[in-house]
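The values are calculated or read from the model by the stated rules, or taken from the named source; none is laboratory data. Predicted, not measured: the structure shown is a model, and the values here were computed from it. Cβ coordinates were reconstructed from backbone atoms using ideal geometry, including for glycine residues, and neighbour counts include every protein chain displayed. The protein model used for the area step is the full one, side chains on, heavy atoms only, and it has no ligands, DNA or RNA in it. Shrake-Rupley method; radii C 1.70, N 1.55, O 1.52, S 1.80 Å.
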Amino acid sequence: MQIIIMPTADKAAQITAKIIANEINNKPAYKLGLATGRTMEAVYAKLAEMNKAGKVDFSLVKSFNLDEYIGLKPDDVNSYHYYMNYHLFDKINIDKRNTHVPDGAADDVDAAAAVYEYEMEDAGGVDLQLLGIGRTGHIGFNEPLSSFASRTRAVTLTQTTYEQNSPLFANPADMPMEAVTMGVGTILEAGKLLLLATGSEKADIIAKTIEGPVTSMISATALQLHADATVILDEEAAAKLQGIETYKWYMKKDKKLIDILGL
Ligand code: GLP
């Protein structure tokens, strides 16, 4: 696992956007796995800026989102379909027919989840999966006890996730307690994993994710099993890492990274 620690949340988002743009520039028909949540808003704003400035081209990119609430229609302001259009797809030159978000409004969510898995496979798999992290340690909506072999499926959300995400709803009681999410097994099949976490409220779960034992109680610990996983943090989210000085040492010695960071 590679750990990148940036001084501020803004710089952490900037480097995340830069890594994604570099990947697309090296392979224009890139298959990009996308995430939602407050943390990603800055990344998408930066990617939109770079696209406008001609620094990255999304015209051949295919995207696959991690998750969606069950019962919310794509035009619902709280749906992740809406989030993605609002924060990214409407602001870049991606062909919307190449964008995919799990269907939480389907009559048969399980059948739609199976089709979603097929679509990813048919596209040749996800090259890079962008990830945020919830307070329970979820990646996507893989709450505690999610099997590391799990695939795209319907799940029940926890009380902790309700407390974290419901303030985003005009009426918090309207937040669905069920979602459809790529499984941990699905996520682990991506060529690269890139997890971004910022702010002090993520420090505890980040320390467990990076330094704790691998456990299905914290699905983000599955990153330890992936051969090409990078975690990007700001100083606040990195604050509880016991090995912080070692990770910073690796960073300073990594020539490829120094190149990307422009140091
Ligand atoms: C939601 C998403 C997760 C994301 C999390 C982080 O729960 N389903 O995929 O990791 O939000 O949220 P935030 O960035 O708002 O802390």
- Message: Test of understanding: what is the full-extension gain from residue 173 to residue 107, defined as 0.36 nm times their sequence separation minus their Cα-Cα distance?
- Response: 21.5 nm
- Message: Using protein chains only and a probe of 1.4 angstrom, how many square angstrom of residue 50 are accessible, to the nearest 10?
- Response: 30 Å²
- Message: Can you give me the long-range amide H partners of residue 70? Hydrogens built in the peptide plane at 1.01 Å from N, cutoff under 5 Å, separation of 5 or more residues or another chain.
- Response: 178, 179, 180
- Using θ = phi - 60° and Karplus 6.51 cos²θ - 1.76 cosθ + 1.60, couplings along segment 68-75 (whole Hz; Gly, Pro as x): 7, 6, 7, x, 9, 6, x, 8
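Which helices, counted as full DSSP H runs in the chain, have an axial Cα extent of no less than 27 Å and a Kyte-Doolittle average of -1.0 or above?
Sorted by number, there is nothing, because no helix extends far enough and scores high enough.
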- Message: Please check: in the Gaussian network model of the chain (C-alpha springs, under 10 Å), which one of 158, 186, 136 has the largest mean-square fluctuation.
- Response: 158
- Query: Sequence-distant or interchain residues sharing an amide H contact under 5 Å with residue 64, placed H: which?
  - Reply: 32, 33, 34, 100
- Given a cut-off of 29 Å, name the pairs among 11/55; 11/192; 62/253; 55/252; 202/252; 52/192 whose C-alpha atoms lie farther apart than that in the structure shown. 62/253
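Per residue, how big is the convex hull around the C-alpha atoms of the chain? Give it to me in cubic angstrom, could you? If you can, show how the numbers build up before the last one.
Numbers: hull volume 30.9 nm³, N = 263.
That works out to 117 Å³ per residue.
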- Item | For residue 3, residues with placed amide H under 5 Å, excluding near neighbours | 231
- Message: Suppose only helical runs count, i.e. DSSP H with n ≥ 4. What mean residue ellipticity at 222 nm does that imply for the chain under -39500 (n - 2.57) per run, divided by all residues and rounded to the nearest 500 deg cm²/dmol?
- Response: -10500 deg cm²/dmol
- Message: Taking a virtual spin label 7 Å from the Cα of residue 86 along the C-beta vector, which residues in segment 129-171 bring their backbone nitrogen under 16 Å of it?
- Response: 165-171
